[in-house]
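For reference, the structure discussed in these notes is given below.
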Amino acid sequence: DIGASEPKDMAYMVRLGLWGDGAVFQQFGDFFQAVDKRGVGAMEIVAMDMKLRGMYIARQLSFNGVSFRIQEVPLTPAYKESYNAAVKTWVSAMHMFQQAAQLIKGTDKRKSTSMWRQFWAAHQRFFKYLCIGSKVDHVVKLSRKSVVEGKCVVIGLQSTGEARMAEQYEADAEVFEFASSAKGVLENLVEKHFPGPNISKEEREKLVYGGKKMKENLP
C-alpha cells in the first residue's frame with residue numbers, strides 16, 4: 001500500500017518504475033516537476049494509471065487476533081497552563097472578531113459569514129493540534145518501553161501539521177526553534193481573515209491578541 005498527498009512524498013517509491021531506465025522520466029526530479037506543475041489533476045492521473053496497472057491498491061488489514069487498550073495521558077501542569085492561556089487567547093480573539101463582524105455586517109453579509117466559517121474551522125484545528133501535542137511525551141515513553149521489549153512501534157497521526165509549519169518557516173527564514181502548528185493556525189486566521197484591509201499585520205495582532213505577551217504565551 002502506498003499513499004502520497006504531494007508529489008515530493010513519492011521520492012522513495014523507486015521500485016514503482018515511474019522514473020528511471022525504460023521510463024518516461026529519467027530521474028525523480030523530472031517526474032516531480034512534471035506532476036507538481038500540473039497540480040492535483042496530474043496526481044489523480046498518476047493514481048489512475050497505477051491502479052490500472054495493479055500498482056496502487058487500497059486494502060484493510062485483518063483485525064483477527066488484534067487486541068488494544070486505551071491509554072489515559074496525564075496532563076502536566078505546564079500543559080494545563082498552556083491550554084488555559086490558549087482558551088483566553090481564543091476568547092479575546094472571538095470578542096475582536098465579533099466587533100469586526102458588527103462593522104461589516106451591513107455592508108457585506110457574505111464576507112461576515114465566510115469570516116466566521118474560517119474562525120471556527122481554525123478554532124477546531126488549533127485545539128486538535130494542541131491535543132495531539134499533549135500526547136507526544138507519553139507516546140515516546142510507551143514507544144521506548146515497547147522497543148526494549150522487542151516490539152515494533154508504529155505511530156499513526158491524524159494530522160502532521162506539516163503545511164502550517166512550512167508556512168511559518170517560509171514567512172520567517174530565521175526560525176531557530178520548533179514551529180508550532182497550533183500557533184500557525186491562529187496567526188494564519190488573523191493575518192488572512194480578520195477584517196480591515198488598511199490595518200497592518202502588527203496592528204491586527206495587537207487588536208486580536210490584546211498585546212504581544214498573550215501571543216507569546218501560546219503553546
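Derivation of every value follows stated rules applied to the coordinates shown; laboratory data play no part. Just so you know, these numbers come straight off a predicted model, no measurement behind them. Every residue, glycine as well, gets a Cβ built from its backbone with ideal geometry; the counts of neighbours run over all protein chains shown.
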- Given a cut-off of 24 Å, name the pairs among Lys135/Lys183; Lys51/Lys128; Lys135/Lys192; Lys51/Lys151; Lys111/Lys192 whose C-alpha atoms lie farther apart than that in the structure shown. Lys51/Lys128; Lys135/Lys192; Lys51/Lys151
- Note on the structure: Per the rule of 0.36 nm per residue minus the C-alpha distance, extending Val40 to Ser114 adds in nm 24.2 nm
- Query: Where does each of 14-21, 91-98 land if you order them by average Cβ count within 10 Å, highest first?
  - Reply: 91-98, 14-21
